[in-house]
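Only one structure is covered here, and it is reproduced in the block below.
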Amino acid sequence: MSSVWVIGNHVKVQGMANDFKILSYNFIFGGSVEMILESPEGSRIFLRRRKSQVSDIEDEYNFDAGSNDENYSY
């Protein structure tokens, strides 16, 4: 699994050329975080990683992507 870096309201995924905008995120019991990301081209991907694989995401109160203000229903 690749590492993920949080940069403001975007993430950089190791091995991928583009940064992705964070549309939604959720902390899962057991130490994981799930994110719905959007590429610059507009496609969306689902990403699930352990918190330890995501830099700048110490805990759910410290993770501020500014993206959970909107309600995305899937």
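Brief remarks follow.
- Filtered by the rule that a residue be modelled with pLDDT under 85 and either open to solvent by less than 70 Å² (accessible area, probe 1.4 Å) or touching a helix residue (DSSP H, G or I) at 6+ places or on another chain (Cβ under 8 Å) (or both), segment 12-30 gives 13, 18.
- As a summary of the residue check, residue 37 satisfies the conditions (1) modelled with pLDDT of 85 or more; (2) within 13 Å of the chain's Cα centre (by Cα); (3) in a loop (DSSP other than H, G, I, E, B) except for the one numbered (3).
The values are calculated or read from the model by the stated rules, or taken from the named source; none is laboratory data. Since we're looking at a predicted model, the values are computed, not measured. Positions of Cβ are generated from backbone atoms using ideal geometry, with glycine treated the same way; all protein chains shown enter the neighbour counts. These area figures cover heavy atoms from the full protein model, side chains too; ligands, DNA and RNA do not enter into them. Shrake-Rupley method; radii C 1.70, N 1.55, O 1.52, S 1.80 Å.
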